Amino acid sequence: MSESFDREKIVECMFDPVTSAIIAQLEDGEKECSILADAANIPKDEVRQRLDYLIEAGFIAERTDDTGTFFSADAEKLSSIVEQNDNFDSAIDGLEKMDSYLN
């Protein structure tokens with residue numbers, strides 16, 4: 001996979017609560033923008049704004065025709081970011097430590 005994108009920015013986008021809800025809607029295939037907006041309880045133009053960098057980096061595809069604007073996710077590419085990110089291991093370790101202190 002080409003590294004022509006900011007990995008941290010991709011991860012930040014993916015794990016934003018609203019954006020991750022939009023991405024989750026795309027797991028089972030392409031969706032029309034208004035469906036994504038309704039599911040995330042945001043305006044249609046905000047859907048595009050939230051997905052902008054993911055589209056630019058090729059993680060999300062956008063297609064427009066006379067019936068509307070549609071988005072689809074490259075699930076393989078999205079999951080590879082998570083699998084290749086060493087920061088998740090340290091974040092999980094930190095959360096486990098914090099949990100043990102709280103209990």
statement: With the first residue restricted to the stretch 59-80 and required to be at positive phi, and the second required to be of a type in the set (S, T, N, Q), Cβ contacts under 9 Å at 6 or more apart or on different chains are GLY68/SER34
- request: Output the residue which, of all residues in the stretch 25-43 that are surrounded by 13 or more Cβ atoms within 10 Å (Cβ to Cβ) and out of contact with any strand residue (DSSP E or B) (no Cβ under 9 Å at 6 or more places or on another chain), is nearest to ILE81 (Cα to Cα).
  value: ALA40
message: Suppose we filter LEU95, LEU78, LEU102 for residues that are more than 25 Å from ARG7 (Cβ to Cβ), at pLDDT below 90 and among the aliphatic types (A, V, I, L, M); which single one remains?
response: LEU102
task: Provide a single number: the residues in the stretch 1-51 that are out of contact with any Lys or Arg (no Cβ under 8 Å at 6 or more places or on another chain), of a type outside the set (A, V, I, L, M, F, W, C) and assigned to a helix (DSSP H, G or I).
output: 13
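The values are calculated or read from the model by the stated rules, or taken from the named source; none is laboratory data. What you are looking at is a predicted structure, and each value in this text was computed from that prediction instead of being measured. Cβ: placed from backbone, ideal geometry, glycine included. Neighbour counts: every protein chain shown.
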